[in-house]
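Input: a single structure, listed below in structure tokens.
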Amino acid sequence: MRLMIAGGGGFRVPLVYRALCAGPYAGLVRELVLYDVDAGRLAAIEAVLAALAGQAPAAGGHPPAVRATTSLPEALDGTDLVFAAIRPGGTAGRIADERVALGLGLLGQETTGAGGISYALRSIPRMLELAAEMRRRCPDAWLLNFSNPAGMVTEALTPMLGAKVIGICDSASGLVHRAARAAGVELQEGRLDGVGYYGLNHLGWLYRLESGGRDLLPGLLADAGALAGFEEGRLFPQPFLAGLGCLPNEYLFYYYETARALAGIRSSTRTRGESIDRQQAELYPRLAAAGPEAFRLWDAARRSREEGYLAEARPAGERRDETDLAGGGYERVALAVMRALAGGGGAELILNTPNTLADAAGPAIPGLPADAVVEVPCRVTPDGVAPLPQDRPAEAELALMRRTKDVERLVVQATSPGPATGGGPASGAGRREAAQAAFARHPLVDSDVLGGKLLTGYEAAFPELKRLWREA
């Protein structure tokens with residue numbers, strides 16, 4: 001398989017390469033093509049991969065050939081699968097996503113709330129360009145989308161690529177595996193038997209965890225000691241979880257504990273985006289010149305970055321679990337999908353895909369539109385992704401999903417070229433109105449006045465948005 005990574009200078013690319021060098025995914029990819037618009041970032045990541053390749057023979061691995069390019073046509077020609085993890089605007093853009101919202105007293109987070117909408121307004125147009133070039137250069141290739149906000153981006157790409165686009169995220173699968181360990185359940189690799197999960201990307205709930213025909217989740221939710229043993233169990237008070245009857249994805253912390261999250265972010269001297277921007281500005285030039293030490297430098301930075309993840313949700317001084325700091329979720333989901341698509345055996349994974357069961361037998365999540373992109377357990381084979389049927393969510397969870405999906409679809413309307421590719425407004429003015437409505441309607445904003453102020457603030461931070469409204 002020839003794999004192309006769009007966003008090949010991204011910080012987490014070495015995780016994918018490391019998994020391809022040895023272990024169950026060794027030999028899956030014969031050639032890895034790194035594509036990025038930033039030649040300097042590409043050079044830094046190439047140095048890390050070269051250092052890793054030097055270690056692979058000693059570990060019995062067989063690294064794939066690596067090629068880097070800033071030419072998209074060159075990167076796509078002959079490609080079997082594209083893995084996209086791009087960040088238009090870079091880490092500086094993430095800072096603006098956070099700060100504009102915080103300046104209005106709202107949550108500043110890169111994928112959730114106002115910051116997530118701003119990020120999507122930049123990501124979707126670039127991803128649509130990538131999809132259009134794929135149709136010209138490698139029409140049979142699959143696109144695995146990790147570009148955030150992953151659900152929104154996947155929703156925007158589906159009208160263009162159909163079943164050939166799959167949205168991936170490691171957050172939901174991480175929750176399931178941590179909860180299973182806490183409940184004493186051994187989940188087989190690539191199997192989700194007895195697991196019930198429904199939601200949208202970064203907005204989902206584990207509602208069933210069966211073993212031997214018995215649902216162990218109620219017992220887990222009632223056990224404060226067991227909940228304290230993993231990250232999601234510590235995010236929320238045990239009585240709240242017992243009353244909820246399910247385990248929320250970690251990003252629901254921002255919905256259920258908004259004031260606490262906002263206070264935690266404001267109490268820090270720097271936002272998460274500012275910390276990462278500072279780290280990467282110092283790190284990338286060092287990586288490019290580090291030679292055999294490049295991987296060691298990168299891995300130390302990766303660990304430091306993992307330690308700061310969702311820091312606003314933890315008491316001062318509390319560290320993340322060692323298993324979370326070790327990494328392994330991001331690339332495991334992506335490569336498991338790739339292997340199943342390539343004929344290496346079917347797999348069951350939680351993915352972002354349209355809410356339509358096989359043979360149009362109804363929605364996977366009852367109560368949501370069949371064409372809406374949702375995040376659910378899926379069966380993956382060489383034929384593609386088939387979502388598995390889930391229970392109907394409780395009314396509170398369903399209402400939150402419906403409202404958030406309305407917001408996502410407004411964002412897609414604001415960024416799509418027109419009715420032929422997703423039902424977007426025909427005029428630039430209509431696009432801007434859709435964007436403002438998305439900000440205003442989001443549950444973490446819920447204000448027409450703030451919606452207008454947010455859009456004006458993001459237009460000032462990202463002048464290219466105004467060009468988007470003019471393109472009709």
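Structure summary
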{"item": "For segment 166-175, Karplus couplings with θ = phi - 60° (6.51, -1.76, 1.60), whole Hz, Gly/Pro x", "result": "10, x, 10, 7, 8, 5, 5, 5, x, 4"}
{"item": "Cβ charges +1 (Lys, Arg) and -1 (Asp, Glu), total dipole of segment 395-470, debye", "result": "300 debye"}
{"item": "Coarse-grained scattering of segment 2-167 at q = 0.09, 0.12, 0.15, 0.20 Å⁻¹, given as base-10 log I(q)/I(0) from a Debye sum over alpha-carbon atoms", "result": "-0.33, -0.57, -0.84, -1.25"}
{"item": "Cβ-Cβ FRET estimate between Gln279 and Glu74, R0 fixed at 35 Å, reported to 0.05", "result": "0.70"}
{"item": "Residue-count net charge about Leu52 - beta-carbon cut-off 11 Å; Lys, Arg +1, Asp, Glu -1", "result": "0"}
{"item": "Per-residue ³J(HN,Hα) for segment 14-30, Karplus 6.51 cos²θ - 1.76 cosθ + 1.60, θ = phi - 60°, Hz, x for Gly and Pro", "result": "x, 5, 5, 4, 4, 5, 7, 7, 7, x, x, 9, 4, x, 5, 10, 8"}
{"item": "Alpha carbon centroid spacing (whole Å) that separates segment 347-409 from segment 1-72", "result": "32 Å"}
{"item": "Other-chain or far-sequence residues with amide H under 5 Å of Val66's (modelled H)", "result": "Leu32"}
{"item": "Amide hydrogen neighbours beyond the local backbone of Val374, cut-off 5 Å, H modeled", "result": "Thr353, Asn355"}
{"item": "Cβ-based charge dipole, segment 338-472, positive-most Cα from Ala360, Val385, Val445", "result": "Val445"}
{"item": "Relative contact order of the chain, defined on C-alpha pairs under 8 angstrom at six or more residues apart (%)", "result": "16 percent"}
{"item": "Karplus (6.51, -1.76, 1.60) ³J(HN,Hα), θ = phi - 60°, over segment 195-207, in Hz, Gly and Pro reported as x", "result": "9, x, 8, 9, x, 10, 4, 6, 7, x, 9, 8, 10"}
{"item": "MRE, 222 nm, helices only [DSSP H, n ≥ 4, -39500 (n - 2.57), over the chain, to nearest 500]", "result": "-15000 deg cm²/dmol"}
{"item": "Antiparallel DSSP beta bridges within the chain, as percent of all bridges there, nearest 5", "result": "55 percent"}
{"item": "9 Å beta-carbon shell around Ser147, net charge (K/R +1, D/E -1)", "result": "+2"}
{"item": "Segment 395-470 shape via C-alpha gyration tensor axes, a/c threshold 1.5", "result": "oblate"}
{"item": "Anisotropy class of the chain from Cα gyration tensor, a/c 1.5 cut", "result": "rounded"}
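Computed from the coordinates by the stated procedures, all read-outs in this text should not be read as laboratory data. Predicted model only: the values in this text are computed from it and were never measured. Backbone-built Cβ (ideal geometry, glycine too); neighbour counts: all protein chains shown.
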